[in-house]
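Chemist: Would you mind keeping the following structure in view while I ask a few things?
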Amino acid sequence: MRLRLPAERPTEPPTGYKIAHPVLSQDGTRAGFTGVSLGGALPYAVLDDASCVYGLRHRPPARRCDCGFHCVHSRAAAEALLCNAEHRAAVLLEVSVLGAYIRFERGFRHARQRVRTATAGPCDCGAAALVLADAGWGRPGWRALAPACAGCARGRTSVSLTGFARLAGQGLRVVAAGGGTGPAHPGLPAADGLGVPELVAEAALLQARLDWLQSQLARLGERGTGGGEQG
């Protein structure tokens, strides 16, 4: 006789925590996330269904498979994963566990999830992140992003925290650790819904791009002058 665990029927979706890399589509019109371990080759949206990474035709989370979304119960446990060198550029996600799930001692394996909040850590230089910039790697059709300040993001493909939240949709909130929030205020039109922190971040990103453009123009001007003297 096999003992079965009691079925849970929560009144509200359980909350879990995980880390992931933010990604931006090649054409810059969509945003999502990709995992740091199993299933990392399959970027997912803010609201998405899991699929079996082994290509099997069962519904995740199957008991005899590792498929499904994974998360832990404790925010502190997820933050601890960010200490790993290969995970330093990842962001911390707070998710709603939806659909069927299997509860484990440390977390869940589940069929569906909604990412509610993404928290970006500091830039490599130690400054608070204002943007998510090209991390130098990606997946087919997707460019991986990493938290960055406006200065370090200069010259790289980047999107503000607010812009990433808008592209991802589904009410996602993107915040900087210890900094301002990313989404537009729900009571204001999308075009005018930016608050002071968001406008400051957008202005800093624009200034960084202008500074980079001016430096490139100055460099081209110096080359042109040198070429004239030699001729």
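Since every read-out is calculated from the coordinates, none of them should be taken as a lab result. Note that the structure is predicted; figures quoted are calculated from it, not measured. Backbone-built Cβ (ideal geometry, glycine too); neighbour counts: all protein chains shown.
Chemist: Quick check: the distance between the Cα centres of segment 1-69 and segment 81-124, to the nearest angstrom?
Modeler: Cα centroid to Cα centroid, the span is 10 Å.
Chemist: Ok, one more. What is the fewest-to-most order of Leu93, Leu161, Leu213 by other Cβ atoms lying within 10 Å of their Cβ?
Modeler: Ranking Leu93, Leu161, Leu213 by Cβ neighbours within 10 Å, fewest first, gives Leu213, Leu93, Leu161.
Chemist: Now for a separate question. Which ordering of Thr119, Thr15 is given by a fewest-first count of other beta-carbon atoms within 10 Å?
Modeler: Going from least to most buried by this count: Thr15, Thr119.
Chemist: Ranking His73, His21 by Cβ neighbours within 10 Å, fewest first, what do you get?
Modeler: Ranking His73, His21 by Cβ neighbours within 10 Å, fewest first, gives His73, His21.
Chemist: Taking the Cβ of Cys52 as the centre, find all other residues whose Cβ is under 13 Å away and add up their charges (Lys, Arg: +1; Asp, Glu: -1).
Modeler: Charge balance near Cys52 sits at +3.
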